[in-house]
Each structure stands twice: as C-alpha cells, then as structure tokens.
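The values are calculated or read from the model by the stated rules, or taken from the named source; none is laboratory data. Note that the coordinates shown come from a computational prediction; the quantities given were computed from them, not determined experimentally. No Cβ is skipped: glycine too gets one built from the backbone with ideal geometry, and neighbour counts run over all protein chains shown. Only protein heavy atoms, including side chains, enter the accessible area calculation; ligands, DNA and RNA are left aside. Shrake-Rupley method; radii C 1.70, N 1.55, O 1.52, S 1.80 Å.
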Amino acid sequence: MKPKKLLLIALVSLSALVILSGCGKSKPTVTVPETPAPQVSTQTTKVSSIIDQVRNSQHFKMFPTLISEKEKDPSFDYEDGCISCHSEIAILKDPGAKLTDFFKGGKYANEREGITCLVCHNVGGEEMISLRNPGWKSCTTCHTSGGTITLGKEVHHSQKEMIEGIGVGIVATTPSYKWVAMKDTFSCTDCHVTNGLKHDFMVPGVTVTYDALGTTRTGTQMDYTKFADMFKQDKCVTCHYEPSSTISKIQQRQTEISQKIDTLKPKFDSWEKKVQSLDPKDPKVAQFNNARTYYMYVTSDASKGAHNYALTKSLLQQAEIEINKLN
Ligand code: HEC
Ligand code: HEC
Ligand code: HEC
Ligand code: HEC
Ligand code: HEC
C-alpha cells in the first residue's frame, strides 16, 4: 500500500477519534504520524482542512448543544426518538441510545458528538474513503420528511420530497428539473459542492445566521457572485457554459418566494397561537393544520424555491388559500 494512502487512513481514523474524544470548542490536537513522506503534505493539509470544516459545521455542533440544553431543562423540546439522525453513536453504534445516556454519568457522557466522518464514510478497502450511501442517499437518509407528506401533519427537513416533487392534498406531484432529467447522474452534493476540499455542505455563496442558542437557523444570505462558482465544476460547464441567465432566474425566483413567505409568516404565527386556545375538535384547528402542512413543506425545505420552484410556488398558493379561509 502506498504511504499516501496509509497516511490518509491514519488521519481519517484519527480525525474520528479526535472528534469522538473532545466536544469542547478548542481545536483538536491532531498528532500527525511520524516522518510523513514529503509527497503527502498536500493531502495532509486537505484532510485537516476537511476536519476543521466538519467540526465547524452545524452537522457536528448541533447535537451536543441540544443535549446540554435538555440536561439543564427537562422541558426542552428534545426526545429520545429525535437523536436517530443527530448523533454518531445513535446512528452507528447503538440505535437504542437514550438522551440520558449522554447526560453526565451516562454511558455516552463523553461521546456527545454530532455527525462525524464515519457517519457518512467507510474507511478502508480499495477506495480508502468511500460513501456509506452513494448518490442522493448520502444526504437523504436524514434530509427527508419520511418519504410522504400528510395533510394536517407537521413537516420537517423535506428536501428529499421537495426535489422528488411529492404532492400533498390538492397540490399535484411535480418533480424538479434535476430529478426528472438527471436523476441517475446528479445528486445533492453537485450543488452543495462536497469533495476532498470542501466539506461545509453549503451551496457556494451561502452565509447562515442562527438563533442565540445556535441550533435553529434564522436565515440565510446568498452571494450570487460566489454562487456562480458552482457552475465552474467540470460536470456542469458542458451545459452551463454561460450560467448568468440561470443564476439571475434563480435569484429572481428566490426573491419572489422569500417575499411570499414574508407575507404569510405573520398569519401563520398568529394562528399558531390562536389554535392553542381552541378546542381540538374545533374545525378551525383542522383547517389550520392543513394550511400549515403546505406552508411548512416550503419552510422546512428552506431552499426558497431553488430545489423545486414550480412545486414551491403551488404549495405557497395553496397555503395562502387555506390560511385565508380562517379569516
Ligand atoms: C429523519 C432524521 C431526523 C430526525 C428523526 C430528527 N431530525 Fe432534527 N434535523 C434533521 C435534519 C436533516 C435537519 C436539518 C434540516 C435543515 O436544516 O433543513 C435537522 C435539524 C434540526 C434542528 C435545527 C433546525 C434549524 O432550524 O436549523 C432542530 C432543533 C432539530 N432538528 C430537532 C429535532 C427534534 C426535536 C427531533 C425529534 C422530534 C428531531 N430533530 C428528529 C434530521 C432529523
Ligand atoms: C454529511 C456527510 C459527510 C460527512 C460528515 C463527511 N463527509 Fe467526506 N464526503 C462526503 C461526500 C458526499 C463526498 C463526495 C464523495 C463523492 O463525490 O464521491 C465526500 C468526500 C470526501 C473526501 C474525498 C474523497 C475522494 O474520493 O475524493 C475525503 C478525503 C473526505 N470526504 C473526508 C472526510 C473526513 C475526514 C470527514 C470528517 C472530518 C468527512 N469526510 C465527513 C460526505 C461527508
Ligand atoms: C446523519 C444525518 C445527516 C446526513 C447524512 C446529512 N445531514 Fe445535513 N443536516 C443534518 C442535521 C441534523 C442538520 C441540522 C444542523 C442544524 O441545522 O443545526 C443538518 C443540516 C444541514 C444543512 C444546513 C446547515 C446549517 O448550517 O444550517 C445543510 C445545507 C445540509 N445539512 C446539507 C447536507 C448535505 C449536502 C448532505 C449530504 C452530503 C447532508 N446534509 C447529509 C443531518 C444530516
Ligand atoms: C439544483 C441544485 C441543488 C440541489 C440538487 C440540491 N440543493 Fe439544496 N439548496 C440549493 C440552493 C441554491 C439552496 C438555497 C441556498 C440559500 O439561498 O440559502 C439550497 C438550500 C438547501 C438547504 C437549506 C439551507 C441552506 O443552505 O440555505 C438544505 C438543508 C439543502 N439545500 C439540502 C439539500 C439536500 C439534502 C439535497 C438533496 C436531496 C439538496 N439540497 C439538493 C441547491 C440545491
Ligand atoms: C446535461 C446538461 C446539464 C448538466 C450537465 C448540468 N445541468 Fe444544470 N440545468 C440544465 C438545464 C437544461 C436546466 C434548466 C434550464 C434553466 O433553468 O436554466 C438546469 C438547471 C439548473 C439549475 C437551476 C435550478 C433547476 O433545477 O432548474 C441549477 C442550480 C443547476 N442546473 C445546477 C447545475 C450544476 C451545479 C451542475 C453541475 C454539477 C449542472 N447543473 C449540470 C442542464 C444541465
């Protein structure tokens, strides 16, 4: 085996160990194996940069925060069933793990890690580092609302359903362009550029803001000049050699969808409060829940129409019709 490959394995397994052992905010001390051969130095830089990016990503940071909040405040909205997509331990080692196992004194008290390298990657074999779930599945094992959307129910992280275009209620199934035309050759990571250099999982140009706790996204800012880098990948230039018209179309659509969400949000926020004081059998409650499904499908996808403009638009139209029936 080539020394380059050996070092890569060492670093990757080490990174997993470093990540597993320290959940503090301090940087990990990565002990590089002795006397690395000179030709591997670029690979070393790349891998340590990936480790930093993953450690700084919400994928990694969210779970420890949620656990410590729950430990401080038992009424905090986080349950045993919630950790199956958030914690390395629950995903890889112990699907039956409970929240209390991660509390002080619990058996995983020192393993409060979020999503680490090994959640997505297998290490070893010919490929050295490969994906456990290739293609769309590398992201949709978690970024899914469960495959279907049910009218009257809440919707969470609906990116899979949005791209596949799954209909709900009277809104018909409307797959996205990429799903219709390029399902077998495209995936989330083609737009959320993820490779040996980039592991923040964000679309190029996106900056995110969070609430004070740092677990809930409050908004995103898109720099469309940096976004253009997405189309510079070898895989895209054949078709998107002059991407400016596609980019301005996306920008215009995102603006339109954001404005629509902004006008609907106050209505949904105020009815959300009102229905809490109503008898659950009051028809207004069911009416609100139906309206909310259309609306949450869009807000929980969070791409502002970029994943599937046509479906997003129809869902918001229906959300507006349904919520207006309450006024
Ligand atoms: C099917 C896998 C899965 C399960 C189960 C799950 N989550 Fe998540 N969770 C995700 C994904 C994926 C995201 C990121 C979605 C996004 O940012 O659009 C997320 C994000 C979050 C966020 C951050 C939201 C934000 O605005 O950034 C919170 C808080 C959260 N989940 C809490 C919960 C709670 C509470 C439960 C249990 C009721 C739960 N999760 C169960 C996959 C899951
Ligand atoms: C959320 C899932 C996810 C996590 C977490 C993750 N990766 Fe990746 N990684 C990917 C994807 C997707 C690719 C692109 C693979 C492809 O296109 O075949 C990738 C590619 C890579 C590559 C390039 C492989 C190649 O053949 O070019 C390396 C090296 C790598 N990851 C290392 C790491 C390390 C080290 C960590 C932890 C610090 C990590 N990854 C965490 C999803 C992930
Ligand atoms: C093991 C479950 C899991 C997998 C696999 C996964 N994610 Fe996530 N993802 C999450 C969770 C949980 C969050 C919530 C973190 C938050 O928003 O606080 C999240 C958040 C995100 C965010 C929002 C980040 C932010 O800062 O708000 C993006 C973008 C994202 N994931 C993209 C991807 C991509 C692209 C892939 C595939 C390479 C992927 N995810 C694979 C669970 C997962
Ligand atoms: C056609 C390109 C494209 C594909 C394919 C794609 N995304 Fe996105 N995604 C985007 C764009 C553009 C945004 C909006 C970025 C913004 O305005 O914040 C976005 C937003 C998101 C967000 C909200 C957080 C953020 O970055 O704004 C998540 C989470 C996400 N995508 C996950 C996924 C997952 C999971 C898949 C695969 C099922 C996927 N995306 C496929 C382009 C894409
Ligand atoms: C085989 C040709 C082809 C390839 C290769 C291709 N695209 Fe596209 N793409 C299209 C067409 C056609 C459209 C729809 C026309 C439009 O909206 O400009 C499109 C639309 C898009 C959109 C707008 C959102 C949407 O889904 O309509 C994004 C974002 C995008 N492509 C990103 C990419 C990225 C990133 C790559 C490379 C990883 C890529 N495309 C590779 C043909 C292609």
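Summary table
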quantity: Selection within the stretch 204-231 - in contact (Cβ under 8 Å) with a residue 40 or more places away in the chain and touching a helix residue (DSSP H, G or I) at 6+ places or on another chain (Cβ under 7 Å); calculated: Leu213, Gly214, Thr215
quantity: Candidates Lys226, Lys325, Lys273, filtered to the one that is basic (Lys, Arg) and either buried (at least 19 other Cβ atoms within 10 Å of the Cβ) or within 16 Å of ligand 5 (Cβ to nearest atom) (or both); calculated: Lys226
quantity: Residue in the stretch 204-214 that is touching an Asp or Glu at 6+ places or on another chain (Cβ under 6 Å) and within 29 Å of Val285 (Cα to Cα) present; calculated: no
quantity: Total residues in the stretch 113-130, condition charged (D, E, K, R) and either part of a strand (DSSP E or B) or surrounded by 13 or more Cβ atoms within 10 Å (Cβ to Cβ) (or both); calculated: 1
quantity: Unmet requirement for Asn133, which otherwise passes all of (1) assigned to a loop (DSSP other than H, G, I, E, B); (2) within 13 Å of ligand 1 (Cβ to nearest atom); (3) open to solvent by 30 Å² or more (accessible area, probe 1.4 Å); (4) of a type outside the set (A, V, I, L, M); calculated: (2)
quantity: Among the candidates Lys313, Lys249, Lys304, residue that is modelled with pLDDT of 95 or more and surrounded by fewer than 14 Cβ atoms within 10 Å (Cβ to Cβ); calculated: Lys249
quantity: Criterion violated by Ser270 - all others in (1) in contact with a Cys (Cβ under 9 Å, 6 or more places away or on another chain); (2) part of a helix (DSSP H, G or I) satisfied; calculated: (1)
quantity: Hey, Ser49 within 12 Å of ligand 1 (Cβ to nearest atom), within 17 Å of Gly196 (Cα to Cα) and not assigned by TED's automatic domain parsing to the domain that holds Tyr177 or not; calculated: no
quantity: Of the criteria (1) at pLDDT below 95; (2) within 23 Å of Gly214 (Cα to Cα); (3) crowded, with 17+ Cβ neighbours inside 10 Å, which one Ser26 fails; calculated: (3)
quantity: Residue in the stretch 81-102 that is part of a helix (DSSP H, G or I), touching a residue at least 60 places away in the same chain (Cβ under 8 Å) and open to solvent by less than 70 Å² (accessible area, probe 1.4 Å) present; calculated: yes
quantity: Filter result (part of a helix (DSSP H, G or I), within 6 Å of ligand 5 (Cβ to nearest atom) and either of a type in the set (S, T, N, Q) or closer than 24 Å to Met296 by Cβ (or both)) within the stretch 229-259; calculated: Thr246, Ile250
quantity: Any chance Lys153 is open to solvent by 40 Å² or more (accessible area, probe 1.4 Å), closer than 30 Å to Asn289 by Cβ and within 17 Å of the chain's Cα centre (by Cα); calculated: no
quantity: Unmet requirement for Leu278, which otherwise passes all of (1) surrounded by fewer than 17 Cβ atoms within 10 Å (Cβ to Cβ); (2) in a helix (DSSP H, G or I); calculated: (2)
quantity: Boolean, Ile261 is away from ligand 2 (no atom under 16 Å from the Cβ) and touching a residue at least 24 places away in the same chain (Cβ under 8 Å); calculated: yes
quantity: Residue match in the stretch 136-146 (condition: out of contact with any strand residue (DSSP E or B) (no Cβ under 7 Å at 6 or more places or on another chain), at pLDDT below 95 and away from ligand 5 (no atom under 16 Å from the Cβ)); calculated: yes
